Amino acid sequence: MSARLILILAFLITLTSQAKIYATDPAPQPKRELNAEETEQVLEFLSQELTKKFDAIHTWQGTYQFTDETNSENPRSTTGGRYWKTTQGQYTFWLDEIQDRLRVNYDKTEKPNEFNQFGTLEPVKTDSPTNTQWIVTGLDCYELSEERFGSVKGFPEGILLKGSTGRVLFRKPRFEEFLGNRFFDPRDLFGGKSYPSVRNPQVYLAVLHGEHGEELQQKYARQLSITELQGESGQKQYQLKLESASKNRDGISSYTLTTYDSHAGWNVTHYEDHLGSKVIHKRTILYKNVDGIYLPQEVDIAHFKQDRTRRADPYHRQNYRLVESKLNQPLDRSLFEIKSLQLQPGERMVDQIRNKAFVQYENRLVPASQYPLLIK
């Protein structure tokens, strides 16, 4: 089994362990729930359609502009006011799907970091990273962000003088990086919370066929269902519901709803996390048809919370908009090499996989223990 399919399966099994909060119900639509045989037929159909279209992406390069808004308490307000902290920027990426390589450059736009506020006339400013570069190859991830000062965790003490400055390159396991808030993979925009959403029908079908054991097969036979819908423009949609096996501490069950739309090449156009009847995470995806391949053109994401004294409000909103894109064009192989990051003399690298440290000397990385001898 591939590492990706293992990751997908782990995500599905742990679906019920995530804490949830409340929001509003979606509008009802005409619907017909499919029986068990029809459910497997639709999963087979979706698996073939999505796999065929996604596998047609050999290389993909482009730029997504983003807006990220978080509703927070105003630290300067004496009246308990709140404000929207807004971050804007862009992700430029190069994806080689065949060779399993991804390069991403993150740039944050500061303008100068002023936010809508309540209870104060002074602008609220925050310090946060303004640029980061990632190279993901196979199971490895390399991350390089802005200048750091002083010692670095994982770097041998005494190798460099205190107060050393410069960027630090980190090598870490690939899947560890998926936990980072700023990491971006354009494939994540195709569906639910992560890239595996493209492969979900294939995984669900394998589970229902017993390929992952009888216990999981019986579990998904009870918890997975598909409803046939008619969209606003008369198109056919399939809405897949996956219920959790357990309840939260208040005794409320959670489930997800994923809508596949014929007008979008059967890609996911809506995804929702529910706690009871309340939506707590929602995303809407618009696609652009490029030679029969549907690419996420604009994606809106919202996270909701609600207590008993307030109506449901989003506390985190994100928007991604594709502004430049090229499909299946040759990529420069050097984009995925460390030298493309252009480390400067004296800048450091921490290899968290091998537990080793290096320093850039002239045009190469040398072991940290040798660096003091070279610069004498």
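The values are calculated or read from the model by the stated rules, or taken from the named source; none is laboratory data. As the structure is a prediction and not an experimental result, all values here were calculated from the model. Neighbour counts run over all protein chains shown; Cβ positions are idealised from the backbone, glycine included. The area values use the complete protein model at the heavy-atom level, side chains included, leaving out ligands, DNA and RNA. Shrake-Rupley method; radii C 1.70, N 1.55, O 1.52, S 1.80 Å.
Scanning the stretch 72-88 for residues that are at pLDDT 85 or above and either under 15 Å from Asp185 (Cα atoms) or surrounded by fewer than 17 Cβ atoms within 10 Å (Cβ to Cβ) (or both) yields Thr86, Gln88. Among the conditions (1) under 23 Å from the mean Cα position of the chain (by Cα); (2) under 26 Å from Arg167 (Cα atoms); (3) open to solvent by 40 Å² or more (accessible area, probe 1.4 Å), the only one that Glu324 does not satisfy is (2).
Within the stretch 362-376, take every residue that is of a type outside the set (A, V, I, L, M, F, W, C) and on the phi < 0 side of the Ramachandran plot and give me the one that is modelled with the lowest pLDDT. The qualifying residue modelled with the lowest pLDDT is Lys376. Going by the structure shown, is Lys193 open to solvent by 40 Å² or more (accessible area, probe 1.4 Å), closer than 23 Å to Gln48 by Cα and modelled with pLDDT of 90 or more? Against the criterion (open to solvent by 40 Å² or more (accessible area, probe 1.4 Å), closer than 23 Å to Gln48 by Cα and modelled with pLDDT of 90 or more), Lys193 does not qualify. Residues that are assigned to a strand (DSSP E or B) and open to solvent by 30 Å² or more (accessible area, probe 1.4 Å) were ranked within the stretch 93-110; the one that is modelled with the lowest pLDDT is Thr109. In summary, Ile353 fulfils each of the numbered conditions (1) β-branched (Val, Ile, Thr); (2) over 25 Å from the mean Cα position of the chain (by Cα); (3) surrounded by fewer than 17 Cβ atoms within 10 Å (Cβ to Cβ) with the single exception of condition (2). Applying the condition of being modelled with pLDDT under 95 and in contact with an Asp or Glu (Cβ under 8 Å, 6 or more places away or on another chain) to the stretch 227-254 and asking which residue is surrounded by the most Cβ atoms within 10 Å (Cβ to Cβ) yields Ser254. Inside the stretch 26-68, can you point out the residues that are surrounded by 16 or more Cβ atoms within 10 Å (Cβ to Cβ) and assigned to a helix (DSSP H, G or I)? Listed by number, the residues that qualify are Thr39, Glu40, Val42, Leu43, Leu46, Ser47, Glu49, Leu50, Lys53, Phe54. Yes or no: Leu275 under 28 Å from Gln223 (Cβ atoms), open to solvent by less than 40 Å² (accessible area, probe 1.4 Å), touching a Ser or Thr at 6+ places or on another chain (Cβ under 9 Å) and modelled with pLDDT under 90? It is true that Leu275 is under 28 Å from Gln223 (Cβ atoms), open to solvent by less than 40 Å² (accessible area, probe 1.4 Å), touching a Ser or Thr at 6+ places or on another chain (Cβ under 9 Å) and modelled with pLDDT under 90.
Taking the stretch 278-299 as the range and being farther than 18 Å from Arg321 by Cβ, outside any loop (DSSP other than H, G, I, E, B) and open to solvent by 20 Å² or more (accessible area, probe 1.4 Å) as the test, only Lys278 passes. Quick check, is Leu224 farther than 21 Å from Asp300 by Cβ and open to solvent by less than 10 Å² (accessible area, probe 1.4 Å)? No. For Thr63, work out the one condition from (1) of a type in the set (S, T, N, Q); (2) farther than 17 Å from Asp188 by Cβ; (3) modelled with pLDDT of 90 or more; (4) out of contact with any Lys or Arg (no Cβ under 9 Å at 6 or more places or on another chain) it doesn't fulfil. Against the list (1) of a type in the set (S, T, N, Q); (2) farther than 17 Å from Asp188 by Cβ; (3) modelled with pLDDT of 90 or more; (4) out of contact with any Lys or Arg (no Cβ under 9 Å at 6 or more places or on another chain), Thr63 comes up short only on (2).
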